[in-house]
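Student: Please find one structure pasted underneath; my questions will follow.
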Amino acid sequence: MPWSAIRRFADPDAFFASIRNLQIEGLVERRGEFRAESTRIDLHRLWMHRFDEDLPRIMKVTPSRTRALIIFAAHPDQPMIQVNGVEISQNQIAEFGLEWEWYLRSLAPSEWSTMSLAPEDLAAAGETIIARELVPATFARSLVPPACGLSRLRKLHEAAGHLAKTAPDILAKPEVARAIEQALVEAMVFCLAYTHSDHVRNVHRRRARVMARLEEALIANPDEPLYMAELCAQIGTSYWTLRDCCLEYLGMSPKRYLWLRRMHLARRALRRANAEATTVTEIASDYGFWELGRFSVAYRSLFGESPSAALRRPPASP
């Protein structure tokens, strides 16, 4: 049955967890009060999302292997986003494979849109609309569809989002949903069919495997800090190889990525701790920060509050 929902978030972890059909681990990269809104629309076969975020962040995404997904800027004047380090401009869409993990990074406040179909539905739509089967990409890649095709896709997607906000009962009517779905799927197929691939940086298998081993090491140590020498040993690669892969996929060095991860682990621990039973110094040292003054300055710069304020906040509050 067609269905839609709008949710607003002040907690980035809750926002990342809410994006269905994908397993997401995210890190916010800049100080500020996090605010995000998601509009979710389920039609008959087509799933859609519209997202609006206030702060730049990086997300590591593990696909479900059940949906063929595309992402594009919600408006033509949006800043670029990065997929595996490749810039996706306003005139491009990103198409994602079913198997490999990928990284989605925003460099500024952003609004972005997604659409997905089951692979068999995408293939059938291709056969019906352009007389050839469309197959999901192996790796994430950027595509440049005709300007008129992408413009039509954006307008249809925006119209569906407007209905979800102003008249969800109309959007839930089966025939309305069917008409919108048919138009959106046709626009999606045309964008995928008549596109020219941007081969500036094709993701190749060796670097994808290095990044997969990096994430395996992080998953194996979900609440523990990791450092470069031991991480490179676990992954089985040199620092320079890992550095090149992280710069390409994440837009930052592995040291910066690990530092951000430790800061977010410390923040999570501070917000869950009992202020009467522990101290900022204890939690900071647990995550490898031994200079409390520098830790406090960096924490305030990244999260907009002091570590002691985070510790004093009631654990149940966002």
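The values are calculated or read from the model by the stated rules, or taken from the named source; none is laboratory data. Because the structure is predicted, anything quoted here is derived from the model rather than measured. To get the accessible areas, we keep the full protein, side chains included, count just its heavy atoms, and leave off ligands, DNA and RNA. Shrake-Rupley method; radii C 1.70, N 1.55, O 1.52, S 1.80 Å.
Student: Testing Ala125 on (1) assigned to a loop (DSSP other than H, G, I, E, B); (2) open to solvent by less than 20 Å² (accessible area, probe 1.4 Å), one condition comes back false. Which one is that?
Tutor: (1)
Student: Sticking with this structure for a sec: Which residue is farthest from Ile6 (Cα to Cα), if the candidates are limited to region 132-158 and must be open to solvent by less than 50 Å² (accessible area, probe 1.4 Å) and in a helix (DSSP H, G or I)?
Tutor: The residue in question is Gly149.
Results for (1) among the hydrophobic types (A, V, I, L, M, F, W, C); (2) more than 20 Å from Leu122 (Cα to Cα); (3) at pLDDT below 90, shown as yes or no for each residue.
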site: Ser18; (1), (2), (3): no, yes, no
site: Arg65; (1), (2), (3): no, no, yes
site: Leu69; (1), (2), (3): yes, no, no
site: Phe72; (1), (2), (3): yes, no, no
site: His75; (1), (2), (3): no, yes, no
site: Ser89; (1), (2), (3): no, yes, yes
site: Arg105; (1), (2), (3): no, yes, no
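Student: Can you tell me which residues in region 159-177 are open to solvent by 70 Å² or more (accessible area, probe 1.4 Å), at pLDDT below 90 and under 28 Å from the mean Cα position of the chain (by Cα)?
Tutor: Answer for region 159-177, where residues must be open to solvent by 70 Å² or more (accessible area, probe 1.4 Å), at pLDDT below 90 and under 28 Å from the mean Cα position of the chain (by Cα): there is none.
Student: Taking region 236-287 as the search range and keeping residues that are polar (S, T, N, Q) and more than 18 Å from Arg300 (Cα to Cα), which one is nearest to the chain's Cα centre (by Cα)?
Tutor: Ser253
Student: Now for a separate question. Return the residue satisfying two criteria in turn: it lies in region 65-101 and is among the polar types (S, T, N, Q) and farther than 20 Å from Ala212 by Cα, and of such residues it is farthest from the chain's Cα centre (by Cα).
Tutor: The selected residue is Asn91.
Student: I'd like to know if region 265-286 contains one or more residues that are under 30 Å from Ala125 (Cα atoms), among the polar types (S, T, N, Q) and modelled with pLDDT under 85.
Tutor: The answer is no, given that none of the residues of region 265-286 is under 30 Å from Ala125 (Cα atoms), among the polar types (S, T, N, Q) and modelled with pLDDT under 85.
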